[in-house]
1. Can you say what percent of the DSSP beta bridges in the chain, counting only those with both residues inside, are antiparallel? Round to 5.
2. Straight-line reach only, C-alpha to C-alpha below 19 angstrom: list the lysines that Lys158 could link to, leaving out same-chain residues fewer than 8 apart.
3. Calculated from DSSP H runs of 4 or more alone, at -39500 (n - 2.57) each and per residue, what is the 222 nm mean residue ellipticity of the chain, nearest 500?
4. Given Cα pairs under 8 Å that are at least 6 residues apart, what percent is the relative contact order of the chain?
5. Quick one: length gained pulling Lys233 to Ala55 fully straight, 0.36 nm per residue minus the C-alpha distance?
6. If you take the Cα atoms of region 141-231, find Rg, then find the Kirkwood Rh from the mean of 1/r over all pairs, what is Rg/Rh?
7. Among the DSSP beta bridges whose two residues both lie in region 2-158, what percent are antiparallel, rounded to the nearest 5?
8. Going through the cross-link list Lys87/Lys233; Lys89/Lys270; Lys87/Lys291, which pairs have a Cα-Cα distance over 18 Å in this structure?
Amino acid sequence: MRILRYKNKRETIVLAALADDERVYDLPHSDFMELVYASEREGKPTIQYVKDLIAGQEPIEEAFDELQLAVPIAAPEVWASGVTYEKSKDARNYEATAGKLDADTFYDKVYEAERPEIFFKSTAARTIGPGQPVYLRSDSDWQIPEPELGLVLSKSGKVLGYTAGNDMSCRDIEGENPLYLPQAKVWKHSCAIGPVILLAEAVDDPYSFDLACRIYRSDEKVVEGTANTKQLKRRFDELVEFLARDNELFDGTVLLTGTCIVPPNEFTLKEGDRIEIEISSIGVLNNPVKKQESKIPTAH
Ligand code: DO4
Ligand code: MG
């Protein structure tokens, strides 16, 4: 069972369920967390609560592909884990050393360390949903999408659902100096999530999601990569435990779990590209790539 939000003909954002029969059913709640709270009040798992709500109800006329989707949750915060797959460690080492690696780096160390890399990625205002443009930074010449599985969390750190995420990254800025990480990772529209939230109760094994990333330029596929969450070095509960440690989590926080798909080193995103991030049982997060309207402000 997947939960989504879409804009209806009256331009109202509606919460809905995408059932296993691929039909869409409107739900009488304003957002994902309201749905979770309502299921808790009824003492039912969210999946059962939704099944009961839609039983005997007519699906909407439109098919899922015809809907104008909105971000599935206005996540108050998005956090991200880094270097959780070997592929990411190798890519980070490449950008930090221009391929001339001769000693253990902090990326090698964090890959092996007990404490994972976890960083602040985005706020609701910076995070976009399906179909909306991710923006390019104007001061970077080496930008890539990072396709990642996202955990949708409650304030107690419970995994409520799974979504697909794009942790847009500037390899040149991070490679120049790791202290620039916030600038390499956080800017307007640098994070996308969606297209739906797959309810956690519908997932038997979260270490078996297939991920794929495809990038199109003038309708030609210029990058394609695949991975599986079984390649993760870490466990999800370990990442959540470190995120929550001495921290305050908010209901609906999203934790991205790291990338295992890295475009070829010579690749950088350009305006007009289109990114598809697909995760099995979740679907395809589709975003065009645009330059930001606002450029570097003039210094006074
Ligand atoms: O070390 C920087 C971030 C790495 C990252 O975002 C990832 O591995 O997904
Ligand atoms: Mg990442």
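Every number here is computed from the coordinates shown, using simple stated rules; none is lab data. Note that the structure is a prediction, hence the values are computed from the model and not measured. Cβ coordinates were reconstructed from backbone atoms using ideal geometry, including for glycine residues, and neighbour counts include every protein chain displayed.
1. That works out to approximately 90 percent antiparallel.
2. Straight-distance partners of Lys158: Lys44.
3. Computed mean residue ellipticity for the chain: -5500 deg cm²/dmol.
4. Result for the chain is 23 percent.
5. That pair, Lys233 and Ala55, stretches by 60.0 nm at full extension.
6. 1.02
7. 100
8. Beyond 18 Å: Lys89/Lys270; Lys87/Lys291.
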